[in-house]
Amino acid sequence: MLRQPSNCTESHDPRFDELVLFNAELELLAEGFRWLEGPVWFGDHNCLLVNDIPNNRTLRWSERQGISTFLEPSDFANGQTRDRQGRLIQCHHRNRCLTRREFDGTTTTLAREARGHRLNAPNDVVVKRDGSIWFSDPLYGLLTDYEGGRQQSAQPPALYRLDPDTGVVEAMASDFDGPNGLAFSPDERLLYVAESGAPGMAETRQHIRVFQVGADGRSLSGGEIFHKINPGWADGFRVDEHGNLWCGAADGVHVIAPDGTLLGKVLVPRRVSNLCFGDRYGSRLFLCASTALYALFTNTRGAAAPY
Ligand code: MG
């Protein structure tokens, strides 16, 4: 194990050294938040949007202007992304729904129910190239007053797909102890889903699972364990152009190869809940780390268009 003296990375495999820069430091961009989540890059506005969940607000960060408020209240928004048209898609705890922000600034609710019952608290979301919206719906956002208010669950945690043409929400997998972050492989033949565990249960599953996507582009099979984050569990993550997973974890970011090997870590002083690639070339990693926002220039790029 090689700890680079000049920066914050820890290499466990020679492949990791190709992904990071010896002279790029971890940068503290802003702090003083309560719990950051849902980073998403807007290249067309040269800015990042990020959610401060307990403060019920969506924030905007740019290199020149720093932090400002974008939406307040945000309905306790958590994970977010952009659809194929570039519109903001948000998961919300308080009203237990998925929304889209239109070009005129109005909000459209995309999903509030599934299987005939209220959703729990949509947590994280990704959009596939065919326009379908995939999101996780664990119980976490219903359990505390801190992130939206305690509410009763109406159904078990599940992973959902929202059809872009019909608007139908379909459960794709429901065998989860807390589905959380999710991302497709660059060729979209694999879907990775973090399982963060069932709160309060002694025996619980905490690992990243991998599903095979069928030739129809939507059916799932498999779901086996891909990688166990150690220590703890994974929250949100993104995939780079080589198919490596960059996962938020207790001690920073764990980088996992497509074969499941831990390649290395980015060591961060606070727990990383979620992250995304962005900036001009999609090579800058933005890290939501508890009460602070960090960034690190890397030598790879996000798999998905950074917009
Ligand atoms: Mg999450």
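Here are a few things to note about the model shown:
- Single match in 146, 160 (criterion: within 15 Å of residue 128 (Cα to Cα) and within 16 Å of the ligand (Cβ to nearest atom)): 160
- Some residue of segment 152-160 being more than 16 Å from residue 117 (Cα to Cα), in contact (Cβ under 8 Å) with a residue 12 or more places away in the chain and not aromatic (Phe, Trp, Tyr): no
- Among the strands (runs of 3 or more DSSP E) confined to segment 111-194, the ones with at least 1 residues that are in contact with a Ser or Thr (Cβ under 7 Å, 6 or more places away or on another chain) are located at 124-127, 158-162, 179-184.
- Residue in segment 190-233 that is most open to solvent (accessible area, probe 1.4 Å), counting only those that are within 18 Å of the chain's Cα centre (by Cα) and basic (Lys, Arg): 228
- Residues that are away from the ligand (no atom under 16 Å from the Cβ), modelled with pLDDT under 95 and open to solvent by 30 Å² or more (accessible area, probe 1.4 Å) do occur in segment 24-38.
So that you can scan it fast, the table gives a plain yes or no per residue for (1) of a type in the set (Gly, Ala, Ser); (2) surrounded by fewer than 16 Cβ atoms within 10 Å (Cβ to Cβ):
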{"site": "70", "(1), (2)": "no, no"}
{"site": "80", "(1), (2)": "no, no"}
{"site": "84", "(1), (2)": "no, yes"}
{"site": "104", "(1), (2)": "no, yes"}
{"site": "116", "(1), (2)": "yes, yes"}
{"site": "122", "(1), (2)": "no, no"}
{"site": "131", "(1), (2)": "yes, yes"}
{"site": "148", "(1), (2)": "yes, no"}
{"site": "153", "(1), (2)": "yes, no"}
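- Residue 208 vs. criteria in a loop (DSSP other than H, G, I, E, B), within 15 Å of the ligand (Cβ to nearest atom) and under 23 Å from residue 244 (Cα atoms): no
- Candidates 12, 45, filtered to the one that is closer than 18 Å to residue 266 by Cβ and surrounded by fewer than 16 Cβ atoms within 10 Å (Cβ to Cβ): 12
- Close contacts from segment 191-213, counting a first residue that is under 14 Å from residue 159 (Cα atoms) and a second that is surrounded by fewer than 14 Cβ atoms within 10 Å (Cβ to Cβ) and among the hydrophobic types (A, V, I, L, M, F, W, C), with Cβ to Cβ under 9 Å and a gap of 6+ residues or different chains, come to 195/225; 208/225; 209/225; 210/225.
- Exclusive hit being under 20 Å from residue 238 (Cα atoms) and either at pLDDT 95 or above or in a loop (DSSP other than H, G, I, E, B) (or both), set 64, 100, 84: 84
- Take the conditions (1) buried (at least 22 other Cβ atoms within 10 Å of the Cβ); (2) over 20 Å from residue 138 (Cβ atoms); residue 76 misses just one of them, which is (2).
The values are calculated or read from the model by the stated rules, or taken from the named source; none is laboratory data. These numbers come from a predicted model, not from an experiment. Heads up, the Cβs are rebuilt from the backbone with ideal geometry, glycines too, and the neighbour counts pull from every protein chain shown. Keep in mind that these areas ignore ligands, DNA and RNA; they rest on the heavy atoms of the full protein, side chains included. Shrake-Rupley method; radii C 1.70, N 1.55, O 1.52, S 1.80 Å.
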